[in-house]
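Okay, structure first, notes after.
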Amino acid sequence: MGFRPPQFPTNRISMTDDQRFGLSRHVTLPGPLRLDGGVLLSPVDIAYETYGTLAPDGSNAILICHALTGDQYVASDHPITGKPGWWTRMVGPGKPIDPARHFIVCANVLGSCMGSSGPATINLATGCPAAMSFPVITIRDMVRAQAMLLDHLGVGTVTLVGGSMGGMQALSWAATFPDRVTKAVVIASTARHTAQNIAFHEVGRQAIMADPNWRGGDYYGEGDPPAAGLAVARMAAHITYLSEAGLTEKFGRRLQAREAKSFGFDADFQVESYLRHQGLSFTDRFDANSYLYITRAMDYFDLAEEHGGLLANAFKGSRTRFALVSFDTDWLYPTPESRAIVHALNAAGAAVSFVELSSPFGHDAFLLDAPELNRVVDGFLRAAL
């Protein structure tokens, strides 16, 4: 049947104990939130998780920003899939981001589908899901919503950590709220989307909108969602998260559960079967309209454009300490993208460190087994300001 958006109570805070060590929360903030597109959004729903305790002086807060298909369940079991959190390698007791030392917040981004305001949210005026009447959003809009959440939680200054789209949010945070960001860890990310990035996203969006079950976005309630289109979008995007060497090593041209080619269009090759599985399983936990909105937000992201065409202007006078990390096999956001940010930070006089790590996993390396990344993040977070 595909993803069905979770239902949350409105106009109040709900809290339940997580199975492990976090707290799952949902809050409706009164707003209004002025979006870059000129629309006032009110109220603003934010679903989030917290781990640890905020220090009396508020100095230990860390906001983890998730990637395109991520969510707030950074270190807690996912309520739909039952799988462990998406960054348990980095977050947890004894890990670089440790609830014993840090007050950790991870919020579902604006426009997403795990409880924050997005196309699946009920429009209070109509009583129906907003669908495509939900306003188009930007990365900076996501950041402003997160700032409202931190205000609600009593968090002043904060350390930002994010990979991929999460890194975009961390950069936008540092540019939009420079006095609130003490440190920012930006992993496998970029300061703007290239034409190639936009092109891949457009393929995914067109796959969704070409699915007859999309119905102009009004597929909530009765009928099936556009699962086939969303699965194809996920398959196309997932290729960009991997490396050619990694795919070759893992799959090569090996056949899937057969001795010879079928001379048909079933999944003859292991890599075909893998991609089909990735696509189909994705539809159980993600909303197609949210995929449209978030990819559009990423495509609109251009931090230099937001600051007079010069990236260094985004960080002028910044007192934030930055750590940039790239991976040598990442062709989605390759190392030159990170170096461009480093050069802009240097030009702005900001404090920045940079490292390129070696990994066979491509862009997804920040989510997979990368022990050196753990050491880099741990060392940077422990270093005194």
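Summary table
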| read-out | value |
| --- | --- |
| Shape parameters for the stretch 197-294, alpha-carbon atoms, Rg then Dmax in Å | 15.1, 44 |
| Dipole of the stretch 197-294 [Lys/Arg +1, Asp/Glu -1 at C-beta], most positive-end residue of Met209, Phe282, Met235 | Met235 |
| In Å, descending, principal axis extents of the Cα set of the chain | 64, 51, 45 |
| Residue among Tyr219, Pro96, Gln72 farthest towards the positive dipole end of the chain, charges placed on Cβ | Pro96 |
| Per-residue ³J(HN,Hα) for the stretch 106-111, Karplus 6.51 cos²θ - 1.76 cosθ + 1.60, θ = phi - 60°, Hz, x for Gly and Pro | 9, 10, 5, 5, 4, x |
| Sites His307 and Cys128, calculated FRET efficiency, Cβ-Cβ separation with R0 30 Å, nearest 0.05 | 0.20 |
| Ranked list, fewest to most other Cβ atoms within 10 Å of each Cβ, for Glu306, Glu356 | Glu356, Glu306 |
| The chain - charge dipole about Cα centre, Lys and Arg +1 at Cβ, Asp and Glu -1, debye rounded to 20 | 560 debye |
| GluC sites (Glu not before Pro) restricted to DSSP loop in the stretch 160-246 with at most 12 other C-beta within 10 Å | Glu222 |
| Electrostatic dipole magnitude of the stretch 197-294 [Cβ: Lys, Arg +1; Asp, Glu -1; Cα centre; debye, to 20] | 300 debye |
| Orientation-averaged projected area, Cα convex hull of the stretch 317-379 (nm²) | 4.3 nm² |
| Normalised contact order of the stretch 197-294, rounded percent, pairs of Cα under 8 Å and 6 or more residues apart | 30 percent |
| Inter-part distance where the stretch 133-205 and the stretch 225-298 are each reduced to a Cα centre, Å | 26 Å |
| Gain on full stretching of the segment that runs from His277 to Arg258 - 0.36 nm per residue minus C-alpha separation | 5.1 nm |
| Largest to smallest principal axis extent of the C-alpha atoms in the stretch 84-210, angstrom | 47, 38, 33 |
| DSSP-defined beta bridges in the chain - what % are antiparallel, rounded to 5 | 45 percent |
| Theoretical ellipticity at 222 nm over the chain - DSSP helices of four or more residues, -39500 (n - 2.57) apiece, nearest 500 | -9500 deg cm²/dmol |
| Largest-first principal axis extents, alpha carbons of the stretch 256-325, Å | 63, 28, 21 |
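None of the figures in this text is laboratory data; all of them are computed from the coordinates on show. Because the structure is predicted, anything quoted here is derived from the model rather than measured. Reconstructed Cβ throughout: ideal geometry from the backbone, glycine too, with neighbour counts over all protein chains shown.
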